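Comments concern the structure below.
The values are calculated or read from the model by the stated rules, or taken from the named source; none is laboratory data. Fair warning: this is a prediction, and the values are worked out from it, not measured in the lab. Cβ: placed from backbone, ideal geometry, glycine included. Neighbour counts: every protein chain shown.
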Amino acid sequence: MNNERKINENSKNEQLEAFRVEDKGKKLTTNQGMKVSEDEFSLKAGERGPTLMEDFHFREKMTHFDHERIPERVVHARGFAAYGEFQVYESMRKYTKAKFLQNPGVKTPVFVRFSTVVGSRGSAETVRDVRGFATKFYTEEGVYDLVANNMPVFFIQDGIKFPDIVHAIKPEPDNEMPQASSAHDTYWDFVANNQEAAHMTMWLMSDRAIPRSFRMMEGFGVNTFRFVNEDGKAYFVKFHWKPKLGVHSLVWDEAQKISGEDPDYHRRDLWENIEKGHFPEFELGVQILDEEDEFKFTFDILDATKLWPEEEIPVKIIGKMILNRNVDNVFAETEQVAFHPGHVVPGIDFTNDPLLQGRLFSYTDTQLIRLGGPNFHEIPINRSVCPFHNNQRDGYHRQTINVGKVSYHKSSLAGNTPAPASAEEGGYVHYQEKVEGRKVRERSESFRDHFSQASLFWNSMSKPEKKHIIDAYRFELGKVKSQSVRQQIVDMFANVNLDLALAIAEYIGTKPPKSGGTNITKSSPALSQLNTKYSAETRKLAVILTDGFNGKEVQFVLEGLKASGVQPEIISETLGTVRGTDGITFKADHTFLTTDSVVFDAVYMVRGSSKSVEFNKEAGQFVYEAYSHYKPIGATHDGKRWLETDEMGQSVGVILSDDMKRFIEEFGEAIAVHRFWNRTVV
Ligand code: HDE
């Protein structure tokens, strides 16, 4: 094709290079470029006198500082992002004409922002919440945004209720508490009185809401979109991201402790792994449905509170994304990026999903206030890598200098250019769906069932996952002060599962539900995260040792574990060098003062000759905490003596062996398992 633009994985980076500024080693200047001679003292009338109005340097510096903040996102305020590339495995020509989905030889640059939803910009990252997973594809046909979450359904069915759910789940307005949490009266009052939230609430109470890492989450486009191919034939489509490392979570006690220990836990994990070259990978999957099959299901495929069970409509894996570069400047890139589900390319179209329709209005609208005007598409991170031409002009912060007299269409002076492109020339032509109906403000009859899929989700959970869900309800409702709201929730969730409702009621002091139960017995194994992938790759291992350890043995074990991707970090009595009996040394990364058990995936107890009572006590607490969070623990020789009780030593996931080869093998496997849920923890 002669109008094909050459975009490759480096295109965005090359574009950004023009905007990067290196200040190091340069002379200090004003914003006007004039060198300044002094930056510590304002201009004063006498050494002890008042600052003078004419001090332009002081005024410029202070004014800029005074205006440094922009409004945070109304939702998804706290986020972290990285660059990468996407490649399709095989041409999707049959289903869509989107160019970036045609050629396995093409790598499309991407920018992905992960986020929490409820908390403000400075809130902790391991709170119980939905996670955003928004991807910007810089394609040759323009920017395509896949603005996804880590849960496949949503709280509401119609966009008009979005302000209500957000007001209800955000901190309560009279005292702005609690931060980044749904565990309060207004959220649960909303759920009880807007029962379409039942299914999403089950997900929110599940382990999915406390991910171990952004690298270990699935992503879901939630809304139903359309693929349209070259012949104009359309298909319904749902988008999925599947993480290479599988889906894994924290335990609630651990998540809460990490919020204090390291509120930046998720961004640190992403940042560090990319810096070390452990590039996160996600496969793109699609569920595709023929238009003729629209009404074949027990649920309405346009209802965003429903998922499409993977066993009924399989997920076809079509490509892979790899994240391989951190940002240079969080404000310039991560904060100023503007996503929008309406940023589409030819071959991707919308459906009448009323939640999606609401979203199509909201995102541009919110950028106008957040980024200060209509030219946010010109901010470097938002710029498409292909050129853009139209008659839009002026406005705050305009960067381009559009030359010539003509800024209207149609014109003879510019020969009707920029000219609309036909479909053959790559112009976007909306899918000609036939619509007819009366103007009404109503819920479709097909959107009325709020409980069947909530039950499906419950039925699909493994035993430990069910226990975590019950615990989460007990915690959250335990924080709800209104007895009436508590009771309404118990009565409501009896429609999902009676055992669940009874388990909640028993704990939070309400009456058991008046009625309830369900005849839904179906389950969907794909919904249980225990059925996803397991790997020891990038798992963080705490190695506890002091001077006098057996150097050769520890070195052998660590090399063996590193070969399966485990990342060991040494914890010792002091920072600096730790010496083994045989002259082998390690550099201590942490002491018990600078780190904590909760930020590791596994513990290797080595010991040494230290007799410090304090150190030994702390080591015991450290390993016990890891044990109580169901983590793998390994010990050889002396290290075994640190394991507090016999019971702990005999538990699943605790590997004690003096045969080094066997130890590496068994401990490596245990690290991959991640958590041993059937361990008895007292
Ligand atoms: Fe969003 N959403 N949303 N949302 N959303 C925003 O846009 C909105 C919904 C999602 O990292 C806002 O730029 C409405 C579903 C992500 O920058 C805002 C409705 C899904 C992000 C907005 C929804 C999402 C946002 C706030 C219901 C999963 C963060 C700041 C009709 C598929 C993107 C902004 C980033 C952000 C509106 C529902 C995902 C206000 C009205 C469903 C990942 O425009």
Exercise for review: Considering (1) more than 16 Å from the ligand (Cβ to nearest atom); (2) more than 21 Å from THR139 (Cα to Cα); (3) in contact (Cβ under 8 Å) with a residue 40 or more places away in the chain, say which one LEU307 fails and leave the rest.
Suggested key: (1)
Check your understanding: Can you tell me which of THR126, THR108, THR96, THR139 is crowded, with 24+ Cβ neighbours inside 10 Å, farther than 23 Å from GLY342 by Cβ, at pLDDT 95 or above and away from the ligand (no atom under 16 Å from the Cβ)?
Key -> THR126
Exercise for review: All but one of (1) part of a loop (DSSP other than H, G, I, E, B); (2) closer than 30 Å to GLU311 by Cβ; (3) touching a residue at least 40 places away in the same chain (Cβ under 8 Å) hold for GLY517, so report the exception by its number.
Suggested key: (3)
Exercise for review: Looking for whichever is under 29 Å from GLN432 (Cβ atoms), touching a Ser or Thr at 6+ places or on another chain (Cβ under 8 Å), within 12 Å of the ligand (Cβ to nearest atom) and aliphatic (A, V, I, L, M) here; the options are LEU356, LEU302. Which one fits?
Suggested key: LEU356
Check your understanding: Is it true that some residue in segment 284-302 is under 21 Å from the mean Cα position of the chain (by Cα), modelled with pLDDT of 95 or more and of a type in the set (Ser, Thr, Tyr)?
Key -> no
Point to revise | Tabulated pairs, segment 263-280, first within 16 Å of ALA536 (Cα to Cα), second assigned to a helix (DSSP H, G or I) and charged (D, E, K, R), C-beta under 6 angstrom, 6+ apart or interchain | key: PRO280/ARG215
Exercise for review: Have a look at ASN194, ASN175 and point out the one that is more than 18 Å from the chain's Cα centre (by Cα), of a type outside the set (D, E, K, R) and within 16 Å of the ligand (Cβ to nearest atom).
Suggested key: ASN194
Check your understanding: Looking at GLY260, is it in contact with a Lys or Arg (Cβ under 6 Å, 6 or more places away or on another chain) and away from the ligand (no atom under 16 Å from the Cβ)?
Key -> no
Exercise for review: Quickly run through segment 235-271 and pick out the residues that are among the acidic types (Asp, Glu), surrounded by fewer than 21 Cβ atoms within 10 Å (Cβ to Cβ) and in contact with a His (Cβ under 9 Å, 6 or more places away or on another chain).
Suggested key: ASP253
Review point. Could you say which residue among GLY404, GLY372 is in a loop (DSSP other than H, G, I, E, B) and within 16 Å of the ligand (Cβ to nearest atom)?
Key: GLY372
Practice item. Name every residue in segment 302-354 that is of a type in the set (Lys, Arg) and touching a strand residue (DSSP E or B) at 6+ places or on another chain (Cβ under 6 Å), in order of residue number. Key: LYS316, LYS320, ARG325
**Study point:** segment 55-93, subset buried (at least 21 other Cβ atoms within 10 Å of the Cβ) and among the hydrophobic types (A, V, I, L, M, F, W, C), residue nearest to the ligand (Cβ to nearest atom)
**Key:** ALA81
Exercise for review: Filter segment 427-466 down to the residues that are in a helix (DSSP H, G or I) and free of Cβ contacts under 8 Å to residues at least 60 places away in the same chain, then identify the one that is surrounded by the most Cβ atoms within 10 Å (Cβ to Cβ).
Suggested key: LYS466
Point to revise | Residues being within 16 Å of the ligand (Cβ to nearest atom), under 29 Å from ASP300 (Cα atoms) and in a helix (DSSP H, G or I) - total across segment 204-223 | key: 3
**Study point:** Set GLU90, GLU9: member being touching a Lys or Arg at 6+ places or on another chain (Cβ under 8 Å), acidic (Asp, Glu) and closer than 29 Å to GLY285 by Cβ
**Key:** GLU9
Practice item. Please tell me if ASP55 is within 41 Å of the chain's Cα centre (by Cα), farther than 30 Å from GLU275 by Cα and of a type in the set (Asp, Glu). Key: no
Exercise for review: Would you point out the residue of segment 328-339, among those that are assigned to a loop (DSSP other than H, G, I, E, B) and touching a helix residue (DSSP H, G or I) at 6+ places or on another chain (Cβ under 7 Å), that is farthest from the ligand (Cβ to nearest atom)?
Suggested key: GLN336
Revision key, fill the gap. Of the listed residues (THR201, THR186), the one being within 16 Å of the ligand (Cβ to nearest atom), of a type in the set (Ser, Thr, Tyr) and not in a loop (DSSP other than H, G, I, E, B) is THR201
Point to revise | Test result for ASP290, within 16 Å of the ligand (Cβ to nearest atom), more than 23 Å from VAL112 (Cβ to Cβ) and acidic (Asp, Glu) | key: no
Practice item. Taking VAL385 as meeting all but one of (1) closer than 23 Å to PHE19 by Cα; (2) β-branched (Val, Ile, Thr); (3) more than 14 Å from the ligand (Cβ to nearest atom); (4) outside any loop (DSSP other than H, G, I, E, B), write down the number of the exception. Key: (4)
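This table checks each residue for (1) in contact with a Phe, Trp or Tyr (Cβ under 7 Å, 6 or more places away or on another chain); (2) aromatic (Phe, Trp, Tyr).
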site: GLY509; (1), (2): no, no
site: GLY516; (1), (2): no, no
site: ALA563; (1), (2): no, no
site: THR574; (1), (2): no, no
site: ARG579; (1), (2): no, no
site: PHE586; (1), (2): no, yes
site: ASP596; (1), (2): no, no
site: ALA602; (1), (2): no, no
site: VAL606; (1), (2): yes, no
Check your understanding: What number of residues within segment 369-390 satisfy the criterion of being aliphatic (A, V, I, L, M) and in contact with a strand residue (DSSP E or B) (Cβ under 7 Å, 6 or more places away or on another chain)?
Key -> 2
Practice item. Please tell me if GLY342 is small (Gly, Ala, Ser), within 30 Å of LEU456 (Cα to Cα), surrounded by fewer than 20 Cβ atoms within 10 Å (Cβ to Cβ) and within 16 Å of the ligand (Cβ to nearest atom). Key: no
Exercise for review: Any residue in segment 492-513 that's under 16 Å from THR201 (Cα atoms): show its pairings with residues that are hydrophobic (A, V, I, L, M, F, W, C) and part of a loop (DSSP other than H, G, I, E, B) at Cβ separation under 6 Å, as long as the two are six or more apart or on different chains.
Suggested key: ASN495/PHE451; VAL496/PHE451; ALA501/ALA494
Check your understanding: For segment 274-311, how many residues meet the condition of being under 21 Å from SER460 (Cα atoms) and not in a strand (DSSP E or B)?
Key -> 14
Check your understanding: In this structure, does PRO50 turn out to be within 16 Å of the ligand (Cβ to nearest atom), on the phi < 0 side of the Ramachandran plot and over 18 Å from the mean Cα position of the chain (by Cα)?
Key -> no
Point to revise | Every pair of residues 6+ apart whose Cβ atoms lie under 8 Å, when the first sits in segment 578-606 and is more than 27 Å from GLU669 (Cβ to Cβ) while the second is part of a loop (DSSP other than H, G, I, E, B) and among the aliphatic types (A, V, I, L, M) | key: ALA588/LEU575; THR591/LEU575; THR594/LEU575
